[in-house]
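Worksheet for the structure shown next.
The values are calculated or read from the model by the stated rules, or taken from the named source; none is laboratory data. In this text, all values refer to a predicted model and were calculated from it rather than measured experimentally. So basically every Cβ, Gly included, is an ideal-geometry build from the backbone, and we count neighbours across all protein chains shown. We work out accessible area using only protein heavy atoms, side chains counted, and drop any ligands, DNA or RNA first. Shrake-Rupley method; radii C 1.70, N 1.55, O 1.52, S 1.80 Å.
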Amino acid sequence: MRWDKIRLRVTAALAAGLLAPVAAASTSMATETAAEPATQAAAALPPGSPAAINGQLKVCGLQLCNSAGKPIQLRGMSTHGIQWYSQCVKTASLDALANDWKADVLRISMYIQEGGYETDPRKFTDMVHGYIEEATKRGMYALVDWHQLTPGDPNANLSRAKTFFTEIAQRHKDKTNIIYDIANEPNNVSWDRVRSYAEQMIPVIRAQDSDGVVLVGTHGWGSLGISDGRDETDIINNPVRATNFMYTFHFYAASHKTEYFNALSRAASKIPLFVTEFGTQTASGDGGNDFTNSQKYLDFLASKKISWTNWNFSDDSRSGAVFKPGTCSGSSFTGTAPLKPAGVWIRDRIRTADDFPTS
């Protein structure tokens, strides 16, 4: 999301000097799993878990559907940038997310710049491998987020994306719980450029994983073009030429009011959508929570069975991080005691999960 580039300028030294040692220790869970041979059989999904019940997802018209062709809505959380907050994604927190929060999906937010993938492709690819395995063990869908942000044109990272997604798709192609998000928030770039990128990337994934659902961010920081002075007609009039594919929309309820909601409402009747990131506060990820407008959005998403993940599953100081500062250094993540107001609110809405059809 946009505010992280501001955070980088302010706290780069802190991230490098204080967070890195903690992150290095805490990612052992992920990297140990990632080091296993790619030929190993896929981990079994726990019986009765969301991913076990629904199986391989597919796009049916405008909807995300389960293996039986029934529309479903996934609800879950996005990690913060794993280069900064990997200490928040560990055994105890993921157990809480799956079993206490009852989440269906974990969005794995891997930044490309801002101290992310480009600094050490092997390290970050292995981290993502590990987080996919951890989501699988708990029966959640793993949404792999190629979190390009600056530069806003995803084509700037095309070669890196091809390398990364080829390996991710090849290793996890036999799993039924992988979702690929190939561009987080394109910005200051035309829709034609985003569409061109998507049409180059989708075949790369399909060459390895023929049936995985693929997502791409819309222009204007995932706003269907609104934040770039455009709107959803750019996409509707010039859609990505692909199947089993969806577009993403992002919103922050205290900032994104009627114009954004109306664009979402109009687009939902024309194109398949997945809200891969939203917050109850401002687009800075901070400030007061607008739970009334948030509920308006979530009621609409429920009515259309549009899936969502909330930003973010960390103990960052901002109001948009669900945990109180310092929580991630410990091992207590269940219940509401470790949560900020936004965390209490969003946990409650994840726990009232969609009724999964079985046939």
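Things worth noting here:
- Over the chain: helical MRE at 222 nm, DSSP H runs n ≥ 4 each giving -39500 (n - 2.57), nearest 500: -10500 deg cm²/dmol
- Taking Cα extents along the principal axes in Å as calculated from this structure, the corresponding entry among (i) 76, 52, 45; (ii) 49, 47, 41; (iii) 83, 51, 37 is (ii).
- Compared with the alpha-carbon gap, the fully stretched path from Ile236 to Thr334 is longer by 31.1 nm at 0.36 nm per residue.
- For the chain, accessible area per residue (1.4 Å probe, heavy atoms of protein chains only), Å²: 35 Å²
- Note on Leu64: accessible area is roughly 10 Å² with a 1.4 Å probe, heavy atoms of protein only.
- Estimated at 0.36 nm per residue, the fully extended path between Gln208 and Lys123 surpasses their Cα-Cα distance by 28.4 nm.
- Here the relative contact order of the range 201-348, from alpha carbon pairs under 8 Å that lie six or more residues apart, stands at 16 percent.
- Taking 0.36 nm per residue of sequence separation and removing the Cα-Cα distance, the Ser255/Phe300 pair yields an extension gain of 14.4 nm.
- Contact order, relative form, for the range 85-220: 23 percent (alpha carbon pairs under 8 Å, 6 or more residues apart, mean separation divided by residue count).
- For the chain, with all protein chains in place and a probe radius of 1.4 Å, 52% of the accessible heavy-atom surface sits on carbon or sulfur.
- Relative contact order (%) - criterion: Cα under 8 Å, at least six apart; region: the chain: 20 percent
- Each DSSP beta bridge with both residues in the chain is either parallel or antiparallel, and the antiparallel ones are about 15%.
- With a cut-off of 12 Å between beta carbons, the residues surrounding Trp101 carry a summed charge of +2, where Lys and Arg count +1 and Asp and Glu -1.
- Residues Gln56 and Ser196, FRET efficiency given R0 of 30 Å [Cβ-Cβ distance, rounded to 0.05]: 0.60
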